[in-house]
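Shown next, in structure tokens, is the structure this report addresses.
The values are calculated or read from the model by the stated rules, or taken from the named source; none is laboratory data. Remember, predicted model here, so these are calculated numbers, not experimental data. Please note: Cβ atoms are built from the backbone with ideal geometry, for glycine as well, and neighbour counts cover all protein chains shown.
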Amino acid sequence: MQAFTRRSLGLCWATAILLAGLTQGCKQPLPAEYYGFQDLQVTQAPGTGTTLSAIVKLYNPNPYSLKVLRAEVDVAINGKHAGHSLRDSTLFIPRRDTFYVPISIQIDLKSVMSNILQSFLSKQATISLDGRVKIKHGMLTFNRSFHYEGKQDIQSLLQNGVNF
């Protein structure tokens with residue numbers, strides 16, 4: 001009887017540990033932390049409009065690596081829609097490390113032009129990013145929405161060089 005009790009107690013502990021591990025593994029990943037962007041380039045091709053390209057710097061606070069399967073973002077500058085970006089290729093994200101994501105956005109030049117004077121006068125612009133990302137961790141896939149809003153110093157962009 002005592003052997004049966006020890007065995008069942010051990011089985012209960014093993015089950016509890018397994019369930020705790022599974023629930024921890026099924027927990028949604030923490031969102032990446034935005035650290036800014038660099039290498040801003042503006043190009044215009046005949047017939048396709050204006051494209052804004054940059055490299056976004058982010059940090060993964062999760063203790064595990066992730067894969068981004070799809071990312072979609074709408075960009076607003078000073079509260080006005082500026083463009084949309086879609087990344088439909090797989091991106092590997094290391095655990096607890098910074099990573100860089102090249103993005104390319106088709107921008108609405110009319111909307112952006114109305115904000116340029118206001119941004120130069122105030123020497124900063126409010127950048128808003130709203131989107132959805134499809135993330136894979138192991139065998140689990142998550143869909144997450146995200147929002148970021150912050151001030152971007154125009155002078156630092158000009159000092160770092162914007163390629164037109």
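A few points about this structure:
- Within the set VAL68, VAL42, VAL75, VAL56, the sole residue that is in contact (Cβ under 8 Å) with a residue 60 or more places away in the chain, assigned by TED's automatic domain parsing to the domain that holds LEU129 and closer than 30 Å to LYS27 by Cβ turns out to be VAL68.
- Enumeration of residues in region 35-83 that are surrounded by 14 or more Cβ atoms within 10 Å (Cβ to Cβ), in a loop (DSSP other than H, G, I, E, B) and under 18 Å from the mean Cα position of the chain (by Cα): ASN62, SER65
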